[in-house]
Amino acid sequence: AQKVTQAQTEISVVEKEDVTLDCVYETRDTTYYLFWYKQPPSGELVFLIRRNSFDEQNEISGRYSWNFQKSTSSFNFTITASQVVDSAVYFCALSGSARQLTFGSGTQLTVLP
Amino acid sequence: KAGVTQTPRYLIKTRGQQVTLSCSPISGHRSVSWYQQTPGQGLQFLFEYFSETQRNKGNFPGRFSGRQFSNSRSEMNVSTLELGDSALYLCASSSLTGGRDTEAFFGQGTRLTVV
């Protein structure tokens, strides 16, 4: 069985602050993928990143960065210098041998001007 | 390249009725998955189709069914609707690269309300 835990239900920050969204996962698969998706009020899930379980290299894309630590089964997401447009629900997800995404419960991020 | 298209965007149905939702994947994508999103249960996997075959199914009752056509378009059907079926239904498509599925790209969803 797979499980993804996003302990932070809601986070509120002021614009330009840095914010980290936590994600912890459980799986028995040795090969798996980890994802982050953003869901704005329109409802569509916007793909942000996919990480292979064999690739623990951290990644940076503009103001976004991801820290994958297999030893602690964590895949955290940091937004640097947050902006109001970053306000959304962010989901961490896991895909293993079952070819289905198991999602966390999501973190509602609100960036205040 | 057009994204994943789901129709209709909004739907209101009465308990006991049935409903069909449609999903057109990104051109070239042969895998289509369906997810149900509710405030209480979050995002849950319904089923996945590849080349017209159901490859995987989530833990939902038999009232939930789906199919995929030769052009990769997919439909899902819910029969005998219950109030608890009210949800956002999301469709995602992905392709195969090197024998592995790529990341899933989602449509905007169909908001179903059962009254």
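The values are calculated or read from the model by the stated rules, or taken from the named source; none is laboratory data. Given the structure is predicted, the values throughout are model-derived calculations rather than measurements. Glycine also receives a Cβ, built like all others from the backbone with ideal geometry; neighbour counts cover every protein chain displayed. The accessibility values were calculated without ligands, DNA or RNA, using every heavy atom of the protein model including side chains. Shrake-Rupley method; radii C 1.70, N 1.55, O 1.52, S 1.80 Å.
What FRET efficiency would be calculated for the residue pair B:Thr102, A:Leu112, taking the C-beta separation as r and a Förster radius of 45 Å, to the nearest 0.05?
On the way: r = 36 Å, r/R0 = 0.79.
Between B:Thr102 and A:Leu112 the formula returns 0.80.
A straight Cα-to-Cα reach below 22 Å connects A:Lys16 with the lysines A:Lys38, residues fewer than 8 places away in its own chain not being considered.
Pairs of Cα atoms under 8 Å, at least six residues apart: use those to get the relative contact order of chain B, whole percent.
On the way: 295 pairs, mean separation 41.1, N = 115.
With pairs under 8 Å counted, the relative contact order is 36 percent.
The GNM of chain A, with springs linking C-alpha atoms under 10 angstrom apart, assigns the highest mean-square fluctuation among A:Thr30, A:Thr20, A:Thr78 to A:Thr30. By the rule of a C-alpha distance below 13 Å, with chain neighbours fewer than 8 residues away ignored, the aspartates and glutamates paired with B:Lys57 are B:Glu48.
By the rule of a C-alpha distance below 16 Å, with chain neighbours fewer than 8 residues away ignored, the lysines paired with A:Lys70 are A:Lys3. Of the listed residues B:Leu11, B:Leu83, the order by accessible area with a 1.4 Å probe, largest first, is B:Leu83, B:Leu11. Taking trypsin sites (Lys or Arg not before Pro) as candidate sites, keep only those in a DSSP loop with at most 12 other Cβ atoms within 10 Å, then name the longest stretch of chain A containing none of them. Result for the longest clean stretch: A:29-113. Structure remark: mean-square fluctuation, Gaussian network model of chain B, C-alpha springs under 10 Å; the largest value among B:Ser24, B:Ser74, B:Ser95 belongs to B:Ser95.
Model label points for B:Arg9 and A:Asn58, set 7 angstrom from Cα along the Cα-to-Cβ axis, are 4.0 nm apart. For the range A:1-104, state which chymotrypsin sites (Phe, Trp or Tyr not before Pro) are in a DSSP loop and have at most 15 other beta carbons lying within 10 Å of their beta carbon. Answer by residue number: A:Phe54. Global dimensions of chain B from alpha-carbon coordinates: Rg and Dmax equal 13.6, 46 Å.
How about the range B:1-67: which trypsin sites (Lys or Arg not before Pro) there are in a DSSP loop, with at most 13 other Cβ atoms within 10 Å of their Cβ?
B:Lys1, B:Arg9, B:Arg15, B:Arg63
Among the GluC sites (Glu not before Pro) found in the range B:12-115, those both in a DSSP coil and sparsely packed, with 15 or fewer other Cβ atoms within 10 Å of their Cβ, are B:Glu52, B:Glu82.
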